[in-house]
Amino acid sequence: MPMTPKQRMLAAYRGELPDTVPVAPEFWYYLPVKLLNVDMVKYEREIPLWEALLKTFRHYKTEGWGAVFAGAPAPDVKYSEQWLDLGDGRFESRRKQITPFGELTSSQFYDREEPSWSGERPIKDFVRDWKSYKAVSMGSIKDMDWKPVNHALDVVGEDYLLEPWLGVPFFDYVALPREGGLEQGIFDLMEHESFFEKLQEEYIDWMRTLARSAAVNTRAESFCIGCAWSCVSLIGPDLWRRWDKPVIKAVADELHSAGKLLHIHFHGKSHAVLEDLADCGADCICPFERAPGGDISDLRELRRILGGKVTVNGNVHTVETLIRGTPADVEREVEEIFEQWGPDKRRLILGTGDQVGRETSDENIAAMINTGRRLGKCIDK
């Protein structure tokens with residue numbers, strides 16, 4: 001019997017041989033918005049991502065992965081939002097969080113055409129605001145409601161691999177809420193090293209507990225940690241090894257002890273930490289990008305370094321090939337990926353270097369899927 005899309009993805013994650021190599025373009029914002037014929041504001045605020053992806057993967061008849069989110073409640077925190085219409089299709093969400101340790105304010109800008117972005121971040125004064133942010137961000141895991149996650153898993157079923165989102169590595173945890181962003185986050189690590197060493201221990205314990213709760217209370221088989229700035233392209237290999245790798249390894253160990261799998265979404269360059277990625281316990285890593293966004297051009301070398309421990313997802317260039325190229329260009333690049341990978345098709349998912357852009361033609365998406373189907377067959381009928 002042919003495998004389902006979800007079964008193919010899980011077989012690849014486990015290093016088993018699927019009936020055909022999964023073809024998993026990453027659809028996140030642009031393609032679902034175009035397919036559902038909604039604007040970006042409605043998409044982000046009203047439509048669950050897992051639901052939009054279900055319609056998108058069904059439309060393109062392909063495999064894929066997606067995330068479903070659940071938050072740990074903070075009962076001692078009061079939250080309010082003010083929604084402002086700025087005109088010209090733009091809006092601002094002004095947010096206030098009142099904690100036992102003080103008040104945090106932040107803002108998010110929304111645009112009908114583009115994904116939202118941060119306008120004001122909650123941690124402005126390091127000493128004053130960190131206690132409040134910990135109260136907001138490290139909520140009560142024992143009081144989490146996992147029913148919506150299980151509902152989403154049941155609805156998606158076998159149509160694609162839906163993964164509960166477990167959060168972000170440590171650098172993203174400390175820098176994303178910090179006014180000044182990436183640069184200020186790096187300065188903070190340098191200037192408050194002992195504070196962050198203690199906080200890292202707390203965060204690892206919290207993430208372990210979250211992973212344990214998710215493994216016990218959901219029907220998911222695979223879970224995801226994603227990144228924004230926690231990548232080699234932005235913070236370099238040394239900071240990543242010190243602050244982020246221990247978090248990933250702790251979560252992977254916790255999930256593996258429960259018989260579950262971990263997928264790491266890892267943007268940008270990765271060559272300098274390939275051995276670390278193999279060592280940290282991740283079962284699948286994506287999106288292994290080509291230059292200039294990434295630095296992976298030879299899958300033979302990638303496979304050798306990873307040593308059969310990690311499933312590779314990605315490597316179709318989303319701009320030069322899928323947006324600017326022709327169907328013939330797409331076909332050539334997919335053929336190159338399979339030729340480099342070799343005849344043993346385990347541990348391979350044909351994916352994209354991050355999400356598919358809105359300018360991508362359906363003809364190029366079809367060329368990627370059809371070529372992957374032609375070359376990815378693992379079992380002769």
The lone exception for Leu84 - which of (1) loosely packed, with under 14 Cβ neighbours inside 10 Å; (2) closer than 23 Å to Asp362 by Cα it fails: (2)
Residue check, Ile141 β-branched (Val, Ile, Thr), touching a residue at least 40 places away in the same chain (Cβ under 8 Å) and farther than 28 Å from Trp50 by Cβ: no
Criterion violated by Pro164 - all others in (1) assigned to a helix (DSSP H, G or I); (2) within 25 Å of Gly71 (Cβ to Cβ) satisfied: (1)
Single match in Pro148, Pro164 (criterion: touching a residue at least 60 places away in the same chain (Cβ under 8 Å), surrounded by fewer than 21 Cβ atoms within 10 Å (Cβ to Cβ) and at negative phi): Pro148
Members of segment 15-45 found to be of a type in the set (A, V, I, L, M) and under 17 Å from Cys284 (Cβ atoms), listed by number: Leu17, Val21, Val23, Ala24
Leading residue by the ranking (farthest from the chain's Cα centre (by Cα)) among those in segment 256-300 that are of a type outside the set (A, V, I, L, M) and part of a helix (DSSP H, G or I): Arg300
Residues (surrounded by 19 or more Cβ atoms within 10 Å (Cβ to Cβ), out of contact with any Phe, Trp or Tyr (no Cβ under 7 Å at 6 or more places or on another chain) and of a type in the set (A, V, I, L, M, F, W, C)) located in segment 121-135: Trp130
Qualifying residues in segment 1-18 (those that are surrounded by fewer than 20 Cβ atoms within 10 Å (Cβ to Cβ) and farther than 19 Å from Val310 by Cα) - the one nearest to the chain's Cα centre (by Cα): Thr4
Ser106 vs. criteria surrounded by fewer than 18 Cβ atoms within 10 Å (Cβ to Cβ), modelled with pLDDT of 95 or more and within 29 Å of Trp206 (Cα to Cα): no
Any hit, segment 261-276, residues being basic (Lys, Arg), within 20 Å of Phe170 (Cα to Cα) and modelled with pLDDT under 95: yes
Which listed residue, of Val330, Val334, Val356, Val316, is modelled with pLDDT of 95 or more and within 24 Å of Val33 (Cα to Cα): Val330
Hits in segment 204-243 - residues which are among the hydroxyl-bearing types (Ser, Thr, Tyr), under 19 Å from the mean Cα position of the chain (by Cα) and assigned to a helix (DSSP H, G or I): Ser233
Within segment 316-343, considering residues that are under 17 Å from Asn370 (Cβ atoms) and within 21 Å of the chain's Cα centre (by Cα), the one surrounded by the fewest Cβ atoms within 10 Å (Cβ to Cβ): Leu322
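Looking at segment 29-44, is at least one residue more than 25 Å from Trp146 (Cβ to Cβ) and touching a His at 6+ places or on another chain (Cβ under 7 Å)? So that I can check it myself, show each step before the final result.
Going residue by residue through segment 29-44, those that are more than 25 Å from Trp146 (Cβ to Cβ) are 29-31, 33-42.
Next, from what is left, pick out any that are touching a His at 6+ places or on another chain (Cβ under 7 Å): 35.
Checked segment 29-44: at least one residue is more than 25 Å from Trp146 (Cβ to Cβ) and touching a His at 6+ places or on another chain (Cβ under 7 Å).
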Failed item in (1) over 30 Å from Leu255 (Cβ atoms); (2) hydrophobic (A, V, I, L, M, F, W, C); (3) at pLDDT below 95, with Met1 passing the rest: (1)
Segment 47-92, residues that are within 22 Å of the chain's Cα centre (by Cα) and of a type in the set (Ser, Thr, Tyr): Thr56, Tyr60, Thr62
Test for Gly307: is it in the same structural domain as Ile369 (by TED's automatic domain parsing) and within 23 Å of Pro18 (Cα to Cα): yes
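The values are calculated or read from the model by the stated rules, or taken from the named source; none is laboratory data. Treat the numbers as computed from the prediction; the structure is a model and nothing was measured. Backbone-built Cβ (ideal geometry, glycine too); neighbour counts: all protein chains shown.
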